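Quick notes on the structure that follows.
The values are calculated or read from the model by the stated rules, or taken from the named source; none is laboratory data. This one's a predicted model, so the numbers in the text were calculated from it and none came from an experiment. To get the accessible areas, we keep the full protein, side chains included, count just its heavy atoms, and leave off ligands, DNA and RNA. Shrake-Rupley method; radii C 1.70, N 1.55, O 1.52, S 1.80 Å.
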Amino acid sequence: AVPDEISYSSLLNVYAKNSWRDSSAADKAENLLLKMHQEHQQSSKNIAPTVRCFNAALDAHARSRDKNAGRRGLKLLSLMEDMRHTSGNGDFLPDSWSYNLVIKTLSKGGD
């Protein structure tokens, strides 16, 4: 079976929930999100990461203890905004949750 957006966002949410105790979970979430993005760029038949997927990856960084989490969250937010501008697709529009997760991550310091 081919994974759908719900499968991806569910896995990303699992990474987010475990990122405070598993130091590699935020990396895994970000890598999965970037893989989705790259595969969608190669073929529009592949699933594009949605705001829900981005927010789950941002949540993983917000919950992690990585000292670079803030910078990485900003990078994902920037990618999200770039995807929206290049595609013209509102599905990539960051929402208030996206911005709040990045603020939460930056407020922890480290970057």
Folded to 0 to 90 degrees: helix 25-42 orientation relative to the chain principal axis, Cα: 20
Cα extents of region 43-87 along the three principal axes, largest first (Å): 35, 17, 15
Helix-only estimate, please: 222 nm mean residue ellipticity of the chain, summing -39500 (n - 2.57) across DSSP H runs of length 4 or more and dividing by its residues, to the nearest 500. -22500 deg cm²/dmol
If ligands, DNA and RNA are left out, what is the accessible area of ASP91 with a 1.4 Å probe, given in Å² to the nearest 10? 90
Rounded to the nearest 10 degrees, the helix 51-63 long axis (Cα) sits at an angle to the longest Cα principal axis of the chain of 20
How many Å² of accessible area per residue for the chain, probe 1.4 Å? 57
Nearest 10, in degrees from 0 to 90: the angle of helix 96-107 to the longest Cα principal axis of the chain is 30
Just the ratio, please: alpha-carbon radius of gyration of the chain over 2.2 N^0.38 Å, N its number of residues. 1.00
Taking all protein chains in place and a 1.4 Å probe, what share, in percent, of the accessible surface of the chain do carbon and sulfur account for? 51
Considering Cα pairs under 8 angstrom that are at least six residues apart, work out the relative contact order of the chain and quote it in whole percent. 27
Give the cross-link partners of LYS67 among the aspartates and glutamates, using a straight C-alpha distance below 13 Å as the criterion and excluding same-chain residues fewer than 8 apart. ASP27, ASP111
